[in-house]
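Here is the structure we will look at.
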Amino acid sequence: MAAALPEGLISTVNLVEVLSKEAQEGIDPNLLLADLLESSLSLAPLSVEEAVLAAELFESTRHRGLSLGDRACLATAMIRGLPVLTADRAWEGLDLGVPIEVIR
């Protein structure tokens, strides 16, 4: 995942998830954000179009237990024509027209 950061893009919705998860582990979100921005990771506000698509994905992904954040990530990738990197095996085999790479 670290190798993908300089060319990567993350929605601000998913940024909240990352910062929150690390804050639970005692990592200062401000320091982590500074590190992520230093890596040249691009941030993208969730657009209205992406929000609608994330909502539309609810039915087709519900059986896999995908969260709002998961669907926001997928919608961002789908609209922008980008591949998705995830550590969540529940995404394996999803056929949503976007390449999904499970990294572990």
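Computed from the coordinates by the stated procedures, all read-outs in this text should not be read as laboratory data. Note that this is a predicted model, so its numbers are computed, not measured. Counting neighbours? That spans all protein chains shown, and the Cβs are built from the backbone with ideal geometry, glycine included.
For this structure, a couple of remarks:
- Of the set (1) loosely packed, with under 13 Cβ neighbours inside 10 Å; (2) in a helix (DSSP H, G or I), all apply to S40 but (2).
- Of the residues making up segment 43-59, those that are surrounded by 14 or more Cβ atoms within 10 Å (Cβ to Cβ) and assigned to a helix (DSSP H, G or I) are E50, A51, L53, A54, L57.
- Only residues that are over 20 Å from K21 (Cβ atoms) and among the β-branched types (V, I, T) were counted across segment 63-99, and they come to 2.
- Filter pass, L66 being buried (at least 18 other Cβ atoms within 10 Å of the Cβ), in contact (Cβ under 8 Å) with a residue 24 or more places away in the chain and over 16 Å from G8 (Cβ atoms): yes
- Some residue of segment 79-87 being in a helix (DSSP H, G or I), of a type in the set (S, T, Y) and touching a strand residue (DSSP E or B) at 6+ places or on another chain (Cβ under 9 Å): no
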